[in-house]
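Peer 1: If you scroll down you'll find the structure; I have some questions about it.
Values quoted throughout were computed directly from the atomic coordinates according to the rules given, and no laboratory measurement underlies them. Here the structure is a predicted model, which is why all the values come from computation and not from measurement. So basically every Cβ, Gly included, is an ideal-geometry build from the backbone, and we count neighbours across all protein chains shown.
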């Protein structure tokens with residue numbers, strides 16, 4: 001009996017000794033432990049997401065890919081897979097699995113190597129959130145103590161959430177929802193049992209067990225977890241037998257972008273970094289832009305179709321690459337594996353897929369696609385029309401057979417049509433931009449910065465500084481009307497040669513047509529975009545006066561060259577600036593600032609920013625927001641309610657253009673579409689459209705800016721390297737078709753909005769040849785709008801401008 005007492009005494013002493021040791025360690029370490037309560041307010045590094053105003057995801061930015069889930073959002077099948085993999089006693093233990101710890105210690109003592117580890121999910125949460133990964137006994141004690149404290153403060157569901165959303169799972173994904181998106185391109189709730197088990201096996205070794213970097217190791221781990229699930233009764237034999245043979249089919253996926261608008265998404269990213277610094281990338285902000293998702297798609301399609309149409313008028317430039325280094329020997333196999341590698345590295349641009357020619361015959365060609373499939377392109381599907389490009393003004397003879405167009409090994413482009421056939425194509429070298437605004441507040445409705453973000457990340461809508469040409473003329477004419485000229489003022493359209501030091505010598509400007517038309521009314525000169533009239537108008541108005549007026553409208557005039565070439569739009573600007581200026585013409589004369597971000601929500605869904613742009617109120621007296629007189633039910637509002645309504649109302653924008661000048665210029669720009677360079681827009685069959693073409697020397701830039709009171713849109717076409725577009729390419733042929741295709745949808749369903757005649761404007765019969773009052777019996781008289789203080793008088797003079805204007809024209813014939 002005495003012999004039996006000693007082991008019992010030793011056991012008791014060891015137990016109490018261990019308790020005292022543990023208590024001592026606790027007293028020593030506990031003052032330095034972090035506050036577990038902070039886990040309730042933990043802020044996971046979550047990427048910034050950018051959306052359209054209707055909720056389509058257009059961009060995701062951040063170092064760590066993360067999509068936090070609540071416990072209720074986690075599928076029960078995945079919960080069971082993770083428990084089987086990591087801690088099947090999680091919901092029953094108090095944070096510590098003593099049996100597992102003793103097993104881990106015994107393995108370490110017996111083998112000298114770390115074995116099963118013995119960590120519970122709670123201990124892993126303690127380590128992931130508070131501790132380092134150093135393998136020391138002190139860290140392990142801290143981990144145990146923290147786990148106990150976590151279990152005291154948080155529910156099991158809260159602890160499980162913290163683990164699921166924080167753990168690293170390879171390929172920059174943190175948390176299982178993000179990993180599900182990265183590896184399978186869908187949410188964790190959409191995965192099957194085998195995929196759940198695969199994900200549950202990754203934490204043990206993220207770089208080795210993930211299904212992309214280590215599919216075999218990941219599959220072994222997956223099948224072990226499935227056996228554990230069967231043993232624990234989580235699944236039955238049938239589910240196990242169905243899941244084990246499933247192949248590993250994971251591929252890397254990016255963010256689930258639901259709408260292509262990368263140029264706008266990148267603009268939003270830059271603005272967020274300017275606002276929040278680098279924290280913008282990991283604070284989980286949701287950025288809602290002003291983009292209309294449907295119209296953004298229309299805009300992208302309009303730009304692509306417009307560029308492809310332009311490109312087809314100038315010929316086929318040849319393959320992007322020739323992948324056959326030398327002629328193949330007879331019956332030699334094609335290097336399809338090498339070609340597939342090249343195709344994989346070649347991006348799809350604007351729906352034009354890369355393909356390698358694998359066969360050429362008399363009726364068409366066969367091509368290899370990046371998905372390893374072969375496709376057929378028939379002779380009539382683009383090959384027959386592929387005349388060779390010689391220059392922007394010349395094409396070669398039409399091909400007679402497919403071999404005249406392509407050769408074996410050519411890397412070309414093909415496009416899948418709506419009827420399921422493949423069409424031969426090429427990526428245009430020319431570029432384009434489109435900006436569409438709400439003219440009443442400046443909200444960017446759609447924005448396209450080029451044919452494809454994959455081809456070039458340069459945003460031509462905001463970064464390309466190009467000469468606007470005649471697109472700037474409406475603002476010169478507005479300045480002239482403001483100074484006292486009228487739409488009936490006569491200026492001579494005749495040759496002019498000028499000595500101008502700022503223009504480096506002799507300058508001989510011409511009209512686009514090369515013709516001269518003599519004395520011309522300003523209305524007709526702007527309608528027909530007469531260059532010489534615009535130059536003479538600027539000279540009579542005064543260059544400084546025009547620059548000051550342009551500055552008032554919001555143009556950045558600091559670098560305006562003070563010479564007469566300004567009349568022809570030689571100062572470079574970007575399409576967004578031009579669209580913002582045209583918004584003034586569209587909204588009745590108010591300056592609005594284009595903006596993209598409508599609101600910003602934080603990770604908790606709280607609004608941290610809401611845009612409050614100055615907004616034109618068409619129905620308010622003097623665009624004021626102060627005429628609040630009654631509620632929705634017609635009851636008179638109290639003073640407190642009126643003051644509250646005023647605080648909530650959007651501020652009014654600044655008027656920068658006289659309402660009457662705005663009305664008259666708008667009526668001229670309506671004539672541009674009815675009778676001038678914008679006649680193609682008549683196809684839209686609306687009477688409330690106004691606009692102006694623009695074409696620069698070369699021609700190198702083609703523009704069209706147009707609007708109605710609800711939408712203003714600017715389109716531009718040109719080459720990044722400033723090469724000519726071709727002698728038959730103008731704003732009306734290259735840019736206007738893009739504008740038409742977009743505005744057809746942008747205006748669909750919107751009623752026409754005719755302009756109201758503002759006070760102080762009269763509609764007067766005039767002689768079209770002199771701009772003077774017509775006689776009562778004059779048959780060719782026309783009507784014209786005038787400000788009341790500038791009405792024409794019979795016998796007033798030559799009608800060249802306001803009374804007292806000196807003719808400063810210096811001509812050398």
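Peer 1: If you average the C-alpha positions of the stretch 154-212 and of the stretch 215-273 separately, how far apart do those two centres end up, in angstrom?
Peer 2: For the stretch 154-212 versus the stretch 215-273, the Cα centre distance is 7 Å.
Peer 1: Here is a further query. With a ≥ b ≥ c taken as the square roots of the eigenvalues of the C-alpha gyration tensor of the stretch 220-349, please select rounded if a/c is under 1.5 and otherwise prolate if a/b is larger than b/c or oblate if it is not?
Peer 2: Because a/c hits 1.5 or more and a/b fails to exceed b/c, the stretch 220-349 counts as oblate.
Peer 1: For the stretch 372-472, just say rounded, prolate or oblate: build the C-alpha gyration tensor, square-root its eigenvalues into a ≥ b ≥ c, call rounded for a/c under 1.5, and beyond that prolate if a/b exceeds b/c, oblate if not.
Peer 2: prolate
Peer 1: How would 763, 263 line up from fewest to most surrounding beta-carbon atoms within 10 angstrom?
Peer 2: Numbers: 763 9, 263 24.
Final ranking by Cβ density, sparse to dense: 763, 263.
Peer 1: Still on this structure, please answer the following. How much of the pair distance distribution for the stretch 313-377 lies past 17 Å, counting alpha-carbon pairs only, in percent?
Peer 2: 49
Peer 1: Within the stretch 294-323, what residues put their amide N at less than 14 Å from the label point 7 Å along the Cα-to-Cβ vector of residue 390?
Peer 2: Counting only backbone N, you get 314-316.
Peer 1: Then there's this: By its C-alpha gyration tensor, with a ≥ b ≥ c as the square roots of the eigenvalues, how is the stretch 481-591 shaped: rounded for a/c under 1.5, else prolate for a/b larger than b/c, else oblate?
Peer 2: Working: a/c = 1.78, a/b = 1.27, b/c = 1.40.
Since a/c reaches 1.5 but b/c is at least a/b, the shape of the stretch 481-591 is classed as oblate.
Peer 1: Another question, if that's okay. When each pair of different Cα atoms in the stretch 317-425 is counted once in the 1/r mean, what is the Kirkwood radius in angstroms, to one decimal?
Peer 2: Every distinct Cα pair counted, the radius reaches 14.4 Å.
Peer 1: Could you list 448, 533 so that the one with the fewest beta carbons within 10 Å of its beta carbon is first and the one with the most is last?
Peer 2: 533, 448
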